[in-house]
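Q: Okay, handing you the structure first.
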Amino acid sequence: MATITKKELVNVIAEKTGQTKVVTKEIIQMFLDEIINELGRGNRLEFREFGVFEIKDRAARKAQNPRTLEKVDVPAKRVVKFKVGRLMKERVGVGSEEDGGTAFRGGRSEYARVGDGGRASVEPRP
């Protein structure tokens, strides 16, 4: 599986639209920034056929360090949830038998935490 960077997406979109790479990069960055800003405000973003981003509150809990077996307090936090849309499910095969049914864990992927200032940081799903 290849990793596609924002730079590579910019190149593809710039070529398809006839826009310069600079303009295309600015538009893509504004789009991503606005998604983060809206999620930071607690808004739900719905992109038909693609998917839905929304904020969920996670309660504080007790966890255990697997190495030391020490009990640790995990504070409450807000996380971003993504629910895959129909078109993405069809094209990517999310949750299909081909990929063992593990992609996006049944159609939902929790992948980021909303922090201070509307910035998101990557956080793996437990």
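Read the figures in this text as sums done on the coordinates, not as results from a lab. None of these values were measured; they are calculated from a predicted model. Because the Cβ atoms are built from the backbone with ideal geometry, glycine has one as well, and the counts that use them run over all protein chains shown.
Q: Limited to the stretch 60-70, what total is found for residues that are in contact with a Lys or Arg (Cβ under 9 Å, 6 or more places away or on another chain) and in a loop (DSSP other than H, G, I, E, B)?
A: Step one: filter the stretch 60-70 for residues in contact with a Lys or Arg (Cβ under 9 Å, 6 or more places away or on another chain), giving 60, 62-65.
If we keep only those that are in a loop (DSSP other than H, G, I, E, B) as well, we get 60, 65.
Counting residues in the stretch 60-70 that are in contact with a Lys or Arg (Cβ under 9 Å, 6 or more places away or on another chain) and in a loop (DSSP other than H, G, I, E, B) gives 2.
Q: Sort out which residues of the stretch 38-59 are under 14 Å from the mean Cα position of the chain (by Cα) and not in a loop (DSSP other than H, G, I, E, B), and write them in order of number.
A: The answer is Glu38, Leu39, Gly40, Leu45, Glu46, Phe47, Gly51, Val52, Phe53, Glu54, Ile55, Lys56.
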